[in-house]
Amino acid sequence: MQTLHKVTVTFQPEGRKVAVNYGTTVLEAARRGGITLPTRCGGKAGCLMCKVTVDEQEASSLASPGEIERRKLGSLLEKNVRLACQAAVKGAVTVTVPEDPLKAAVRRRLEAARSAEEDRLW
């Protein structure tokens with residue numbers, strides 16, 4: 001009987017850590033940890049919505065990209081972008097989840113409003 005090896009996936013920018021079995025996809029680790037990663041294809045590499053970035057030094061902590069992932073991502077792989085639904089965890093790894101576009105737009109507006117407010121105070 002083989003013992004399942006646990007590994008830790010850290011999701012940035014939140015810093016949330018999730019312990020999962022070796023071979024679990026990053027998408028499944030995110031779901032188990034309550035991290036929202038958008039997907040419409042059910043983890044079949046069809047929608048390309050679950051892209052994450054992995055630090056170059058930790059790239060070997062994920063299984064090598066398969067043919068589907070290489071075709072879908074192309075040159076993005078050189079920028080350490082992976083599909084969370086395809087990237088299986090082999091060791092402790094930190095991945096960065098892109099900011100939700102709506103949240104990003106709201107954040108930029110709030111920052112611009114704060115900046116304008118500070119300018120008026122001077």
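Available extension along the chain between I68 and C41 is 8.3 nm, counting 0.36 nm per residue and deducting the alpha carbon span.
Distances between placed amide hydrogens fall under 5 Å for K51 paired with A84, all partners being 5 or more residues away or on another chain. Note on A88 and S75: their simple-model spin labels are 3.0 nm apart, each label 7 Å out from Cα toward Cβ. Solvent-accessible surface of the chain, averaged per residue with a 1.4 angstrom probe and all protein chains in place: 67 square angstrom. Both the radius of gyration and Dmax for the chain are 17.2, 70 Å, in that order, over alpha-carbon atoms. At full extension, L48 and A116 could sit 20.8 nm farther apart than now, given 0.36 nm per residue minus the alpha carbon distance.
The share of accessible area on the chain that comes from carbon and sulfur is 52 percent, using a 1.4 angstrom probe.
With a Förster radius of 41 Å applied to the beta-carbon distance between R109 and K6, the computed FRET efficiency rounds to 0.50. Counting only DSSP beta bridges whose two residues both lie in the chain, roughly 75 percent are antiparallel.
E56 contributes about 130 Å² of solvent-accessible surface, heavy atoms of the protein only, 1.4 Å probe.
Rounded to the nearest Hz, the phi-derived 3J(HN,Hα) couplings of the range 33-46 under the Karplus curve 6.51 cos²θ - 1.76 cosθ + 1.60 (θ = phi - 60°) are x, x, 8, 7, 10, x, 7, 10, 9, x, x, 9, 6, x, where x marks glycine and proline.
To the nearest 10, the accessible area of D55 is 80 Å² with a 1.4 Å probe.
For the chain, adding -39500 (n - 2.57) for each run of n ≥ 4 DSSP H residues and dividing by the number of residues yields -9000 deg cm²/dmol at 222 nm.
Rolling a 1.4 Å probe over the protein chains gives S75 an accessible area of about 80 Å². If one takes the longest principal axis of the Cα atoms in the chain, at what angle in degrees, from 0 to 90 and to the nearest 10, does the Cα axis of helix 101-121 lie? The angle comes out at about 30 degrees.
May I ask you to list the residues of the range 31-52 whose amide nitrogen lies under 19 Å from a point 7 Å from Cα along the Cα→beta-carbon direction of R16? The answer is 31-40, 42-43, 49-52, whose backbone nitrogens lie closer than 19 Å to the label point.
The values are calculated or read from the model by the stated rules, or taken from the named source; none is laboratory data. Treat the numbers as computed from the prediction; the structure is a model and nothing was measured. When we count neighbours, we look across all protein chains shown, and the Cβ atoms used for this are built from the backbone with ideal geometry, even at glycine. Side chains included, ligands, DNA and RNA excluded: accessible areas come from the protein's heavy atoms. Shrake-Rupley method; radii C 1.70, N 1.55, O 1.52, S 1.80 Å.
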